[in-house]
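Each remark here refers to the structure printed beneath this line.
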Amino acid sequence: WQLSAAQEAGQRAGSPQVKSVGRQLAAQRADLEDRVRTVAAGLRVALPGRPDAEQRAWLTELSSARGKEYDELFVNRIRAGQSETLALAAQARASTGNTLIRGFAQRAVETVMEQMTLLERTGLVDDSTLSAQ
C-alpha cells in the first residue's frame, strides 16, 4: 500500500516537495519490495497479495483528498505506517540468526529511517498522531 500511495503522491501531491518525497519513497519502496519478494521466495514464504482493510481505507481516503489536505494525509499515513514497519524490522533484525532475514531487516531499518526523515522534513508530520512510548 505504501508503494501505491507514494507513486500516487509523486503525481498528485499539492506541493512540489511532497511530490518529490513521493517519488523518492516510491523508488525506495519498489526496491524494498523486490528484496522482500526475493527473501520470501528463498524461504518459501507466501506474501499477502493486497493491502489489508485498514490500508485499503487509507488509500481510498488519500484518493479523495486534494491539495494541502492530500499532502498532510499522505505524510501522516505513510509516517504512521513507517513506524509500524520500523518496529517489525528492528524486532526481526534483533531476534534472528538467519543471515538472509537479518540482512533484509537491516536494509529495511535503514530505508525506513531514511523515509521517515524525508517525511518529517516536509514539516507536515502531526506530532499529536505519534505514539508516546
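The values are calculated or read from the model by the stated rules, or taken from the named source; none is laboratory data. Because the structure is a prediction, the values reported are computed rather than measured. No Cβ is skipped: glycine too gets one built from the backbone with ideal geometry, and neighbour counts run over all protein chains shown. We work out accessible area using only protein heavy atoms, side chains counted, and drop any ligands, DNA or RNA first. Shrake-Rupley method; radii C 1.70, N 1.55, O 1.52, S 1.80 Å.
The table that follows gives values for the structure above.
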| quantity | calculated |
| --- | --- |
| C-alpha long axis of helix 16-43 to longest principal axis of the chain, angle in ° | 20 |
| Nearest 10 degrees, 0 to 90: helix 53-64 Cα axis against the chain principal axis | 30 |
| Principal-axis tilt of helix 99-121 within the chain, Cα atoms, nearest 10 degrees | 10 |
| Label-to-label distance, nm, for residues given as residue 96 and residue 128 (7 Å Cα→Cβ offset) | 3.8 |
| Relative contact order, percent, segment 73-133 [alpha-carbon distance under 8 Å, six or more residues apart] | 43 |
| Alpha carbon centroid spacing (whole Å) that separates segment 13-42 from segment 66-119 | 11 |
| Percent carbon-and-sulfur accessible area, the chain, ignoring ligands, DNA and RNA, probe 1.4 Å | 51 |
| Which label in (1) 133; (2) 149; (3) 105 gives the computed volume of the Cα convex hull per residue in Å³ | (3) |
| Residue-averaged 222 nm ellipticity for the chain, from DSSP H runs of 4+ at -39500 (n - 2.57), nearest 500 | -27000 deg cm²/dmol |
| Estimated inter-spin distance, residue 34 and residue 68, nm [label 7 Å along Cα→Cβ] | 3.8 |
| R0 of 30 Å, Cβ-Cβ distance residue 120-residue 43: FRET efficiency to nearest 0.05 | 0.35 |
| Whole-number accessible area per residue in Å² for the chain, which is evaluated in the context of all protein chains at 1.4 Å | 58 |
| Cβ-defined net charge surrounding residue 125, 10 Å radius [Lys, Arg +1; Asp, Glu -1] | -2 |
| Neighbourhood net charge (9 Å Cβ-Cβ; Lys/Arg +1, Asp/Glu -1) for residue 62 | 0 |
